[in-house]
Amino acid sequence: MTCIRTALLASLALCFAALPARAEPDYTAINTAIAQKVIVPAYALLAETTAAQARAWDTACASADSGQLATLQQAYVEVSDAWATVFHWNFGPVTLLLRRDRFYHWPERRNTIAKGLSQLLAKPDAEKVKLVNFAHTSVAVQGLPALERLVFERTDTLKNAWNCQVGKSIAANLSHMAEDAAKEWAGEVVAVIARGEEHPMYFDGPKATLNKLFTELLTGYAIIKDQKILPVLGASVKKAKPNLIEARRSNRFAENLKLNLETLFAADAIMASYLPTNERNALADKRATAMGFFKALPPLKHAVYVESERAQYLAFTAVLSALRKDMVAAYTTHLGLTIGFNSLDGD
């Protein structure tokens with residue numbers, strides 16, 4: 001029996017040795033496609049909308065016309081929508097100089113935005129809001145969530161010259177960060193990716209880059225589940241926390257979530273195009289299922305108090321978890337990827 005087993009093992013070894021080596025995925029091609037088709041256009045839109053928002057603030061504050069508030073609210077909405085398409089990319093130029101945290105300080109802890117904004121508005125100081133200085137102030141008052149409060153909560157902003165100046169400074173700061181990130185992505189970063197080279201600051205090489213992109217996709221789904229939905233639902237109706245709903249003042253939660261899903265799905269579809277057909281189709285079906293669940297969701301601010309509607313949100317998060325699990329199985333098996341450190345680790 002031992003001889004037979006030895007002979008069989010030897011035969012199998014010879015068979016496997018005769019098989020052609022499996023070709024390594026073209027990591028550079030995948031990275032380049034994701035960068036050029038998803039990331040670069042998204043950051044370009046963010047730069048465009050933040051620049052338009054900064055101009056709107058300049059015009060509104062110069063006229064001191066309270067009727068301009070609606071214009072500022074619409075400008076905010078357009079920037080918010082653009083941000084929702086890059087929300088999960090904690091990778092590349094957005095990580096430089098703490099741009100991501102400065103642009104979007106959320107989830108908020110210990111009411112830091114309200115406290116910081118109140119302190120800033122309480123005592124006019126022109127030096128504080130100069131761009132070169134404002135970029136070094138508290139991240140809680142530099143970004144989009146602080147601006148949301150100025151245009152949707154403090155509706156008298158345009159009647160107060162100092163409040164208007166603070167709004168102008170936040171808008172200019174956002175535009176400056178978005179423009180720099182967009183230029184760096186469209187220029188040096190995407191060029192390095194397309195050449196399949198290492199970047200001295202952001203990534204080590206083609207496979208490491210795709211691992212990072214893969215990890216950020218998984219992080220995006222985790223953000224939706226673990227930061228945007230579950231903390232709001234709480235453990236029960238009595239422990240629900242609707243005040244934690246993202247962008248509740250501007251009522252953009254549902255639209256943000258839709259855009260989050262669409263941008264995640266776009267990058268996932270590019271990666272999946274390098275999978276075997278059955279795996280690619282399976283992931284496409286999972287994405288379609290998730291979008292179907294999303295479209296059926298009731299408004300979260302009311303759903304937190306209704307058991308049947310809470311169950312819909314929990315079912316939706318379960319679908320996202322299943323999709324995430326299937327992505328891990330497919331991409332680790334067929335593209336040789338691994339799950340790396342992400343921005344939620346250690347929270």
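Going through 188, 179, 184 one at a time, which residue ends up being in a helix (DSSP H, G or I), outside the structural domain of residue 331 (by TED's automatic domain parsing), of a type in the set (Asp, Glu) and closer than 30 Å to residue 119 by Cα? Walk me through it before giving the result.
Details: 188 fails: closer than 30 Å to residue 119 by Cα; 184 fails: closer than 30 Å to residue 119 by Cα.
Within the list 188, 179, 184, the selection yields 179.
Count of the range 35-68 residues, restricted to those that are polar (S, T, N, Q) and farther than 19 Å from residue 165 by Cβ, is 2. Among residues of the range 49-60 that are part of a helix (DSSP H, G or I), those with a beta-carbon under 9 Å from a residue that is at pLDDT 95 or above and among the β-branched types (Val, Ile, Thr) at least six positions away or on a different chain give the pairs 49/79; 50/79; 52/79; 53/79; 56/71; 57/170; 59/71; 60/71. The single condition among (1) in the same structural domain as residue 329 (by TED's automatic domain parsing); (2) modelled with pLDDT under 95 that residue 157 does not satisfy is (1). Does at least one position in the range 16-25 carry a residue that is within 42 Å of the chain's Cα centre (by Cα), part of a helix (DSSP H, G or I) and either surrounded by 11 or more Cβ atoms within 10 Å (Cβ to Cβ) or at pLDDT 95 or above (or both)? Looking for residues that are within 42 Å of the chain's Cα centre (by Cα), part of a helix (DSSP H, G or I) and either surrounded by 11 or more Cβ atoms within 10 Å (Cβ to Cβ) or at pLDDT 95 or above (or both), one finds none in the range 16-25, hence no. Filtered by the rule that a residue be assigned to a helix (DSSP H, G or I) and under 19 Å from residue 227 (Cβ atoms), the range 66-98 gives 80, 81, 83, 94, 95, 98. Exactly one residue out of 303, 269, 282, 288 is within 22 Å of residue 32 (Cβ to Cβ) and either free of Cβ contacts under 8 Å to residues at least 40 places away in the same chain or not hydroxyl-bearing (Ser, Thr, Tyr) (or both), and it is 269. Scanning the range 69-101 for residues that are crowded, with 20+ Cβ neighbours inside 10 Å and under 26 Å from residue 161 (Cβ atoms) returns 72, 75, 76, 77, 79, 80.
The values are calculated or read from the model by the stated rules, or taken from the named source; none is laboratory data. In this text, all values refer to a predicted model and were calculated from it rather than measured experimentally. Note that each Cβ is placed from the backbone with ideal geometry, even for glycine, and that neighbours are counted across all protein chains shown.
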